[in-house]
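The values are calculated or read from the model by the stated rules, or taken from the named source; none is laboratory data. Predicted model only: the values in this text are computed from it and were never measured. Here the Cβ is made from the backbone with ideal geometry for all residues, glycine too, and neighbour counts use every protein chain on show.
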């Protein structure tokens, strides 16, 4: 037994089979906690894209339809489709042979050649069958974006992070209650003043869909920037509070930073949604069709009505958008307040550290097991 640096102890496993089983168990635990990069020797090609083989296979097969040209007759498209199947399967079969696999086999691991083939081969089909340059470009860019999304979602365990944070959302939200209580009076005062102005309703109600969503995206982007700016300091604070015996590697710090980012982003989203719902109810009750007509020149585009004690409350597109605009600005204000409030940062890091203690304790055991395994291998014991 030895101390793990976190107030516990680590049992050294002498049985090689039990040791390897425990190592695999701890690696699965890291993935379920949204920290897959705590695994040593983590490889994108082997540990990320290999997990997405079923999805990539379905997409690859579906992209055979790229051989179809809508300007051609049906019979010619059937021949083109058969040609596309032959071309893709033949090219991928030759790749399999060059990689030491059977011609008709699905690779168990995806390396750079397989990923390159996934991007390039479907691009060839629209070019060969009808010279469809636009279709080829869309296919290539789409495949690259898909690989990037897989690398982010699977490689950094985004779904596992969200699930892990959701299970601990109440505890983590407790760190922001003091900040929320301090910010709420000013936030509600400003929101109420702006919500009941005709200019605000005209601004959001008359905007086109493109302008409205671009504005909402801008608010989200600025909010994300404020969160990202504080991430390096938050990760350092978390490392110091956890008293890690072995410092995190750079990519592991990025993984921890993503956990912090999503934890704060979900809190801010919760505040934004709560404010949006508040103004949806508030606006439906107090902003009557006559007031809307006076403010925006029309009663608005009615989406649906809600019965309320014998009355019919109208939910209009303008109400939804104006409430969303107020909520977006409120979420941005809350993000700025959380970035500059040292008390919130300290309490949030403390609560997150408490939640990650078990994972970091498991990492200490994991590193010790790897060290014992490597020592046995280097000595020739096994």
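Rundown of residues vs (1) out of contact with any helix residue (DSSP H, G or I) (no Cβ under 9 Å at 6 or more places or on another chain); (2) modelled with pLDDT of 85 or more; (3) surrounded by fewer than 17 Cβ atoms within 10 Å (Cβ to Cβ), yes/no style:
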site	(1), (2), (3)
132	no, no, no
138	no, yes, yes
150	no, yes, no
167	yes, no, yes
173	no, no, no
179	no, no, no
195	no, yes, no
198	no, yes, yes
204	no, yes, no
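Return the residues of region 90-127 that are buried (at least 16 other Cβ atoms within 10 Å of the Cβ) and farther than 17 Å from residue 50 by Cα; say none if nothing qualifies.
As a first pass, look at region 90-127 and keep what is buried (at least 16 other Cβ atoms within 10 Å of the Cβ): 92, 95-96, 107, 110, 114-115, 117-119, 121-126.
Those that are buried (at least 16 other Cβ atoms within 10 Å of the Cβ) and farther than 17 Å from residue 50 by Cα: 121, 122, 123, 124, 125, 126.
All of 115, 125, 110, 146 fail the test of being part of a loop (DSSP other than H, G, I, E, B) and in contact (Cβ under 8 Å) with a residue 12 or more places away in the chain, apart from 110. Limited to region 273-303, what total is found for residues that are closer than 21 Å to residue 351 by Cβ and buried (at least 19 other Cβ atoms within 10 Å of the Cβ)? Within region 273-303, residues that are closer than 21 Å to residue 351 by Cβ and buried (at least 19 other Cβ atoms within 10 Å of the Cβ) number 0. The residue list 312, 350, 318, 368 contains one member that is in the same structural domain as residue 224 (by TED's automatic domain parsing), in contact with a strand residue (DSSP E or B) (Cβ under 7 Å, 6 or more places away or on another chain) and assigned to a helix (DSSP H, G or I), which is 368.
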